[in-house]
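Below: one structure, written as structure tokens.
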Amino acid sequence: MAGRKSAVVVVSEENGRVMFGSIKAFISRAMEDANQRKNVEQRELLIVTAALLIRVATVDSELSDIRRVRLHAIFRSHYGLDDAATVQLLVDADAVARSAVDLYRFTRQLNEFLDDDGRRRIVQLMWETVYADQRVNEFEENLIWRAADLLGVSSRQRVELRQHVVAGIKNLAAMSA
């Protein structure tokens, strides 16, 4: 302790206000940056989700009008987007889907952003998308199986989600008959 010097720092009231203002501005900028990052992450999540659904919907042909309408409805109802935002999202996602060489590009990001329930929800949305025209073929089934596997959704859960979607379709058909 003999070699240590102590110093007393005196901060004037004006310097204190300046320092407090600087800290407040720093925190404000940090919060804005965090909000912007969150918005970018949410937009990325929507694009990746839509791109994966488009990939599933177009695995063996072009996107049918029925499936396009279903995708539009999914993003309006499940994600609260308006018509213009949904149209733009689907255009952006289509470009991403066409440029992707494999499913890993989508599933890696979805695994990063979503919890188990969120990943199961994506698998359900894939089934809802392909069942929009009530015709599912082996290419679509296989793509959903591979995507579900990459998302960590078990075979049992994937089958249960499919059955849930089919039951919902049958209930709608029975109610409208």
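The values are calculated or read from the model by the stated rules, or taken from the named source; none is laboratory data. Model, not experiment: these values are computed from the prediction. Note that we place each Cβ from the backbone using ideal geometry, even for glycine, and neighbour counts take in every protein chain shown.
Points worth noting:
- Residue within the range 72-95 that is buried (at least 16 other Cβ atoms within 10 Å of the Cβ) and touching a residue at least 60 places away in the same chain (Cβ under 8 Å) present: no
- Of all residues in the range 21-59 being hydroxyl-bearing (Ser, Thr, Tyr) and under 23 Å from ASN137 (Cα atoms), the one that is modelled with the lowest pLDDT: THR58
- Within the range 133-167, being under 23 Å from the mean Cα position of the chain (by Cα), touching a residue at least 24 places away in the same chain (Cβ under 8 Å), in a helix (DSSP H, G or I) and surrounded by 14 or more Cβ atoms within 10 Å (Cβ to Cβ) holds for GLU140, LEU143, ILE144, ARG146, ALA147, ALA148, LEU150, GLN157, ARG158, LEU161, ARG162, VAL165.
- Counted residues, the range 113-132 - those being in contact (Cβ under 8 Å) with a residue 12 or more places away in the chain and loosely packed, with under 14 Cβ neighbours inside 10 Å: 1
- Residue in the range 121-139 that is among the acidic types (Asp, Glu) and under 15 Å from LEU45 (Cα atoms) present: no
- Checking the stated criteria, LEU125 turns out not to satisfy the condition of being in contact with a Lys or Arg (Cβ under 8 Å, 6 or more places away or on another chain) and not hydroxyl-bearing (Ser, Thr, Tyr).
- Selection within the range 137-164 - among the β-branched types (Val, Ile, Thr) and over 19 Å from THR58 (Cα atoms): VAL153, VAL159
Here is a yes/no grid of residues against (1) modelled with pLDDT under 95; (2) on the phi > 0 side of the Ramachandran plot; (3) not aliphatic (A, V, I, L, M):
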{"residue": "VAL136", "(1), (2), (3)": "yes, no, no"}
{"residue": "ALA148", "(1), (2), (3)": "no, no, no"}
{"residue": "GLN163", "(1), (2), (3)": "no, no, yes"}
{"residue": "LEU172", "(1), (2), (3)": "yes, no, no"}
